Each structure stands twice: as C-alpha cells, then as structure tokens.
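Each reported figure results from applying straightforward, stated rules to the coordinates on display, with no laboratory input. On a predicted model such as this, the values are computed, not experimentally measured, just so you know. Note that we place each Cβ from the backbone using ideal geometry, even for glycine, and neighbour counts take in every protein chain shown.
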Amino acid sequence: MTTSSTRLPKVRASELVGRGWLNTGGQDVALADLRGKIVLLDFWTFCCINCLHVLDELRELEEQYRDVLVIVGVHSPKFVHEADPVALTAAVERYEVHHPVLDDPELVTWSAYTARAWPTLVVIDPEGYIVAQMAGEGHQSNVERLVADLVAEHDAKGTLHRGAGPYVPPEPTAGTLRFPAKAVALADGSLLVADAGHHSLAHLAADGETLLRRIGSGERGLVDGGPGTARFSEPNGLALLPGDVAAAVGYDVLVADTVNHALRGVRLADGHVTTVAGTGVQYLVGEPTVPSPLPGRPDLWRAEGVRPATSVPLSSPWDVVWSPQTGTALVAMAGNHQLWAFDPRAGVVEPVAGTMNEGLTDGDPREAWFAQTSGTALAADGRIWLADSEVSALRWIDPGTAPAADAVAPAAPAADVTVLVGAAAAVAAATRPAAPATGPADAWASAAVGTAVGAGLFDFGHRDGAADQALLQHPLGVAVLPDGSVVVADTYNGAVRRWAPGAEPGGPGEVSTLATGLAEPSGIVVQVDPEAGGVTLLVVESAAHRLTRVALPATLAGEVLDAGAHRTQRPVTEIAPGELALDVVFTPAAGQKYDDRYGPSTMLRVSATPPELLLDGAGDDVPLTRTLRINPAVTEGVLHVTARAASCDADPAIEFPACHLNSQDWGVPVRVAEGAPPALTLPLHG
C-alpha cells in the first residue's frame, strides 16, 4: 500500500490559459491577480454528475471563506457540445456557479496540471505554489481543513490578502420556465413541468405556456409543506402514480428531486409536498443498502436487509417511472450509476441494477454497468427504456417475472467475503436497523438489461442507420411511441431521434432523426390525437426555457443523417508495453488513519477497453498498487481504474470515530509506445 503526503512538494502553479472567462465581467484573470488568495481550481465538465456533486460540496466552503478563497472552475469538455461557448454559458447559469470559470476547450490548462479525471481539485497557496491535488468527489471536509490551515499559516506570515475576489455575477434572466427538465401530461390535458432552474414545479395549461400555479417557493432547499412553502433543489424526473396507488399513499406524482438526493410526493389536489425517500444527504460508497462490489456474487445483492426509504441516502435521482409489472417505481440513480426500485406503499427503496461502476455492460442487472442514466420510459410490454447519458446510449431493462415470495430471501454472505470496504462495514453493522428480508428489488429479481444504441463512454456522434452502428450524444430523455418505437431526446446533438425495431426479429433496428435545431432537449411527452390519428411530441427544450411541439408525419419516418463520429478528446498518456506499475496514491485526511480492524481498508479494480490491452492485472484486489502487463500488440485503448479507501478518526479517545470512504473511477486513454514510462500514478487523496 502506497501513501504520500497530501501536501505536495512546492511546485509553482501553471498559468491559467483558455479561450476566455465567464463570471468575471468580461475580464481575464491571471494567477498574478490572485496572489495573496488561496486558489482552488475545480477541473469540471458540465455533463459529469460527479462534477455537479463537487459544485454543491463547494457552495458552503465558498461562502464561508469568500474573502480569502477564490474558486476557479476550469471547464475541460468531454463532449463536442460542451466545447460550445454558448452551451457553457448556459450551464454556468443553470448550475448556479458563483465563481469565475475558465473556458478551456483545448484542455491546455487541464494538461498543464496533469489532470486525468473529472472532477480534479488543485489547491494553490497565496504565494502561488501547488499544495494539494485530488481526484473525484467527497473531499469537502479535507479541503475545508486544508483551507483553514493555509489561512492560519499565511495570516501569520503576512502573505494572505483579504477582500473581494474577481467574481462578477451575470445579469439574471426572467421567464415562466428556467431550464425545465421533464414534463408529464395530467388527466385534464394540463402539464406538470419540473422547472429545475426555478427549484419548483410549474403547472401549465394544455397550451404549454400559461402558468396555472407553481408548486414550490422557488428557493433552493428541502422543505415539505404546501405549494408556497415547499422547496426543491433542481427537480428533474416526474412520474404519475396509478389511481389506486395514489389513493393509498396520499400523493399523485413522484418527483426525482436531484440535488436534494430525494424523492418527493406531490398531492395534486392542494399541491402539498412530502419527502418519501432519501435523507437530503448524498449517498456515499459504503452505505449498507447497496449491491455487493464484488462481481459474480449475486447472493450478496442484499446483505444488509431493507431500510425505510426516508432513512436511505440517495445519489442524484434524475428520473422516475412507474412499472405496473412490478408495482414499483424505477428510479434512475444517476449519481452512482444504478437503477433503484421504490415501493410507495411499503415506503422502502433499494437497488435494482448496476454495480456503481460507470460504463456499458448488459445482462444480469446485478452485474450491469450504467453511466449516469437520466431518462426513463415505460413500453406497453413492461420494458423500461433508458437514456444512459454518459455512454450516449439507448438501453432497456425488462422486469421479467417476479419470484414467489417464499423464494426471495437473500442468501447469507460467505464468511470470507468483505461486502463493504474496511471500517465502513463496521459502521454499517453498528447502525443497521431491524429490517425485513425482502424488498422492492425482489420484483426485479429476474430482470435483464440490454442496449439498442450506444458504444461506450468515449464514443458518440450523430449517425443514423443500423442501430448497432448509430451514435447519440449524451441523451437525457426518452419516450415510447404508439407503434412501440422509441424516441430519444438526444440532448447534446440538439435533436429528437427515433429507434425502430428492424424487419428481422432480433436484429439491431434502425435509427433516424425526427427533428434538429433544438436547444438541449431533455424530456419528451407523447401526445396522440385519436380523431386525427396524428402524433405530436411535446419536447422540453431546456436551454431555450420552453416546451416545443414537434408534429410527426403519419409514417413516423425520419431523416437518415450522418454528422460524424467522435471520441472523447483527452490527452493520451503514453505507457510502456510489458510490465506497468499502477500506483493509486492515497493518504487519509488530517486526523484520520487507515483502520483494518474490520477488513481491508482499500480496494482496486482494473479493466481495459479493449480487454486485450491487458494481458495480466485485470480484476479486483485489496492493495492500491498493482503490476499490469500491457499487450504490445494493442497500440491504444482505455484503462479503467476504480479505487476505494476507507479511513477513520485517529484519536483513540473518540468512542465512535467518524469514518469516510473515498472512491474514484478513472478512464485513462493510453497509447502503448516503446520507451514510454513503465509506471502510471493516480491521486486519490483523503
């Protein structure tokens, strides 16, 4: 196990170079302008859910230390659309970024700071030296402690300058909707819209424009109550419950309240809002109600029982859909790349599919990989269609047939398997409430996962034709047409696409384009006119702050377009063929230590695309170092690395030590070259 100091040797910070700046009133910012301030660089891209988590983690820190700390967002895009300056400006407004943002579309500053993952944080002291670098989310407490130490140190030295930073807020915009996310049609033809930018729900007339009422005060927060009192935080998905279920539970609409990490129930009669799942705190790796991190062990799927839904932390639920076949709501848990099931009658919630690894793997839902699933839609046959955004894919999950009640009790975990990493397992066991042995996931026990369109994390574009060759770009919404074909809100292509099954049974199907020129479409409502026999799509144009109608031709035929294919353009790391030393550097946060009393404190998982890149070294093990053997016959690919490390309070006088589990996924594009370094180091600081 390798460790190093979180405080790095003194290295001068590189200049901040990019295309331009946002939130500075049109002024460029140089490092010299920030001398005397503590500077925190946040390397982010607006598609990335982990980056959005970090934005929320930094809000309190930013406010607390505003006179001494300057946060600078360095926007380094993954997708082509994210390199559009207009799209970036909208994203900065959408996510309420209250600090300067450097637009770095060519990844110049990203490369200068050797960032390899979104998000990456770099801390620069008031004298211009880099003092820390860390990848991933969940570093809030450590950064706060580091900033406090730097304030004390440089106050004493006289090198800390207090006062306002370079942030200049943009002019506010007004309108009925602000970055709407999803919409549903109500029984009377009116529409309920998740008005994410206004942190509320907008009830619109059937024309899609006239505001009938607003549910939520419009202030960001987590507050239950009437329509003028309740608060949301960037709500996204909406699902109408069946009448009998709504009557039993006392609310009609289920809301994925994304940034609150909660599900909310809304009673349409009076607009009353109730929190029905989630604690308001983001789920962290190591919570007990999670699937096993060990592939091939479905018997460990539920080793910890089922807890009441309001005691289970969630992670950025993005969409929700009712599944009549299972009697549960399926939740796209974008924040940890899973699907969860919520039973509103029983008031319980738990995972259905996904290992928490980010990627595209089909088959057994307990071993499937998802990537920030953001859209869901029910088909007539019970299949749930999924917009899996970070792999630019249209995917599905079939519920299958629910097992008999006497056949669903989970098997006990094997004695030699650690389900949770290290001390987190002990904390979970000590705080585990009594719980039933079965839960909503049992209704999904025979489910299966598949993909209709999509190639993986790094391939995207706008290409129609055979579905196994077609490409999307970060889709966020999906809906099913009356003929069983599927329409996709292809968000970063600004388009609506259609997948239709092929003429041959079991074939890949065909993809076409129904509409283009839309501003980040994120949701679709299908409206059918029974008399005219026509179909209209009501498209949520998020970046245009409106709902737009798209009439479909009677044949439902679309254009076949090919605007090209793309791969994520990140700097490629050259590695040597043969033996490669992989080293994930982790040091517990100040005041914490490794704690192996209850099992290993660390876990390292390695795989590759293509798999042939790795001749040896793939799989799971405990140490954060590993020797890989790189295939000299494969010239390039991607190394996928997942690391987890647990630490707890080091003070023996603390009776109940606080523990934290750090986790990060890397996808490192590599080129195999003779003479390249035989080592790869990745930072995972506590």
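Which one, [x] 37, 30, 27; [y] 46, 32, 26; [z] 40, 36, 26, gives semi-axes √(5λ) of the Cα gyration tensor in Å as derived from the coordinates shown? Checking each listed value against the structure points to [x]. Listing V72, V255 from fewest to most neighbouring C-beta atoms within 10 Å gives V72, V255.
Label-to-label distance for D562 and K593 is 6.3 nm, based on points extended 7 Å past Cα in the beta-carbon direction.
Could you pull out every one of the aspartates and glutamates with an alpha carbon less than 18 Å from that of K182, ignoring same-chain neighbours closer than 8 positions? The qualifying aspartates and glutamates are D195, D207, E209, E234, D252, D257, D319, D388, D490, E520, E541. Arranged from fewest to most other beta-carbon atoms within 10 Å of their beta carbon, T536, T376, T587 become T536, T587, T376.
Under 15 Å from the 7 Å Cα→Cβ point of R145, by amide nitrogen: which residues of region 60-74? In region 60-74, the label zone of R145 (backbone N under 15 Å from the point 7 Å along Cα→Cβ) covers no residue.
Peptide packing: for 143-149, 490-496, 243-249, 441-447, the average count of neighbouring Cβ atoms within 10 Å per residue gives the ranking 490-496, 441-447, 143-149, 243-249, highest mean first. Here the extension length gained between E127 and S485 equals 122.9 nm, from 0.36 nm per residue of separation less the Cα-Cα distance.
At full extension, V184 and H98 could sit 27.8 nm farther apart than now, given 0.36 nm per residue minus the alpha carbon distance. Computed from label points 7 Å out along Cα-Cβ, the spacing between A466 and T625 is 4.8 nm. Ranked by the mean number of other Cβ atoms within 10 Å of their residues, highest first, the peptides 347-358, 205-216, 513-524 come out as 347-358, 513-524, 205-216. Each residue, D362 and A380, gets one label point 7 Å from its Cα in the Cβ direction; the gap between the two is 2.3 nm. Please give the net charge around A557, taking every other residue with its beta carbon less than 12 angstrom from that of A557, where Lys and Arg add +1 and Asp and Glu add -1. With Lys, Arg at +1 and Asp, Glu at -1, the net is -3.
What separates the Cα centres of region 115-180 and region 478-496 is a distance of 39 Å. Counted by neighbouring Cβ atoms within 10 Å, the residues V453, V528 run from fewest to most as V528, V453.
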